[in-house]
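Shown next, in structure tokens, is the structure this report addresses.
The values are calculated or read from the model by the stated rules, or taken from the named source; none is laboratory data. Quantities reported herein were computed from a predicted structural model and do not represent experimental measurements.
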Amino acid sequence: MKSRWVIVPGVILFVIMLTFIQPYPFPNSSVIGAGNMTEQSVTYFLFNQYILPFEIVTFLLLAGMLGAMYLGERDD
């Protein structure tokens, strides 16, 4: 019974992820400058240009951890 209620939010989150992340192309080395990657440049791109995909991934990881805890709890 529990697994049925976990599948529905999982499918909804997957559809949301595909909807928002699919339009964003992955950067190639000419955009970022593969030879000059520093902590500052990674931070700049992560929190300025790619903030929405970063937040979506953060939410999905949190939902995955909570789902794993929910599925792993024991029924006493």
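Kindly indicate whether any position in region 53-76 is more than 30 Å from TRP5 (Cα to Cα) and modelled with pLDDT of 75 or more. No.
Only residues that are modelled with pLDDT under 60, outside any loop (DSSP other than H, G, I, E, B) and over 21 Å from the mean Cα position of the chain (by Cα) were counted in region 3-39, giving 4.
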